[in-house]
1. Please determine, by comparing only the residues of segment 201-230 that are closer than 18 Å to Glu247 by Cβ and free of Cβ contacts under 8 Å to residues at least 12 places away in the same chain, which one is surrounded by the fewest Cβ atoms within 10 Å (Cβ to Cβ).
2. Go through segment 1-31 and give me each residue that's modelled with pLDDT of 95 or more, farther than 18 Å from Asp82 by Cβ and among the polar types (S, T, N, Q).
3. Would you please name the residue that is nearest to Gln221 (Cα to Cα), looking only at residues in segment 149-200 that are hydrophobic (A, V, I, L, M, F, W, C), out of contact with any helix residue (DSSP H, G or I) (no Cβ under 6 Å at 6 or more places or on another chain) and surrounded by fewer than 17 Cβ atoms within 10 Å (Cβ to Cβ)?
4. Does Pro245 fit the bill of being surrounded by 12 or more Cβ atoms within 10 Å (Cβ to Cβ), modelled with pLDDT under 95 and part of a loop (DSSP other than H, G, I, E, B)?
5. Quick check, is Asn39 out of contact with any His (no Cβ under 7 Å at 6 or more places or on another chain), under 18 Å from Gly155 (Cα atoms) and not small (Gly, Ala, Ser)?
6. Could you go through segment 75-83 and let me know if any residue there is touching a strand residue (DSSP E or B) at 6+ places or on another chain (Cβ under 7 Å) and of a type in the set (Ser, Thr, Tyr).
7. Report yes if Val58 is in contact (Cβ under 8 Å) with a residue 12 or more places away in the chain, crowded, with 23+ Cβ neighbours inside 10 Å and closer than 19 Å to Trp137 by Cα, otherwise no.
8. Do we have Arg92 as touching a strand residue (DSSP E or B) at 6+ places or on another chain (Cβ under 7 Å) and more than 22 Å from Met47 (Cβ to Cβ) here?
Amino acid sequence: MTRDYVSINRDIWNAEAADWVELAHHRWTLETPEWGNWNNPESEVRMLPVDMTGLDAVELGCGTGYVAGWMQKRGAKVTAIDISAEQLATARQIAGEHGADITFIEGNAEETGLPDASFDFAISEYGASIWCPPETWLQEAHRLLRPGGRLVFLGNHPLSLICAPLDGSPTDKTLHRAYRNMWGADWTEVEFEPTGVCFNLTTSDWMRLFVDLGFVVTSYQELYAPHAGMGTRGAVPAQWATEYPSEQVWHLQKQG
């Protein structure tokens with residue numbers, strides 16, 4: 001991937017910031033977190049520690065900041081970084097409305113500038129986890145975590161990418177891309193709903209990267225849409241996502 005994905009993705013998220021305000025307000029008010037495109041409940045996914053009192057936590061690619069808000073409610077001291085100034089403006093406004101004391105930073109999650117080994121917990125839900133090359137943002141997450149620190153991230157399942165038509169139309173049951181050597185996809189010039197440049201890997205390449213960086217996998221989950229799900233979200237029809245996993249969650253721990 002040689003294109004300037006950082007500027008491309010920043011410009012898209014700035015331009016579309018207003019489209020995410022309503023969802024942001026809703027998710028900030030949730031007492032129990034819901035995850036991903038299909039609102040999988042925290043009781044099933046368990047992406048956050050129940051009690052985060054005394055933990056230093058960082059969200060990498062925070063968007064409108066609702067995940068940071070959920071962590072702050074659980075007692076964590078939270079830092080959240082995002083490349084989009086417009087998304088951060090929404091995050092800061094809503095955090096103020098909720099009285100949430102969160103440090104928001106405008107910057108690239110691949111090179112945050114934050115001190116080494118300064119966090120106990122890191123998380124990304126459709127932030128750095130899909131908009132940054134895995135080898136760069138995961139290396140940064142590893143650097144930021146203390147020994148024994150945890151990283152949890154949610155993003156697109158590789159299967160949903162190889163079943164995505166090249167013109168950007170909704171995912172179907174045909175294999176449209178090679179799985180071998182998968183890196184992600186450039187959606188900037190597709191016919192249907194163009195967006196940015198996203199990244200993904202084969203499952204074995206994710207595992208190899210974790211080992212190379214010094215992470216241990218403590219859990220892995222494949223997420224589906226609920227059987228009552230309807231419509232299309234993130235270019236994935238609910239009917240498809242009830243039969244095939246459209247999202248994945250990795251739970252990692254830094255060795256040391």
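1. Per the stated criteria, the residue is Ala228.
2. Thr29
3. Trp183
4. no
5. So Asn39 fits the description; yes.
6. Scanning segment 75-83, I find at least one residue that is touching a strand residue (DSSP E or B) at 6+ places or on another chain (Cβ under 7 Å) and of a type in the set (Ser, Thr, Tyr), so the answer is yes.
7. Numbers: in contact (Cβ under 8 Å) with a residue 12 or more places away in the chain: yes; crowded, with 23+ Cβ neighbours inside 10 Å: yes; closer than 19 Å to Trp137 by Cα: yes.
Spelling it out, Val58 is indeed in contact (Cβ under 8 Å) with a residue 12 or more places away in the chain, crowded, with 23+ Cβ neighbours inside 10 Å and closer than 19 Å to Trp137 by Cα.
8. So Arg92 passes the test.
The values are calculated or read from the model by the stated rules, or taken from the named source; none is laboratory data. Bear in mind the structure is a predicted one, so any value in this text is a computation, not a measurement. Note: ideal-geometry Cβ built from the backbone for every residue, glycine included; neighbour counts use all protein chains shown.
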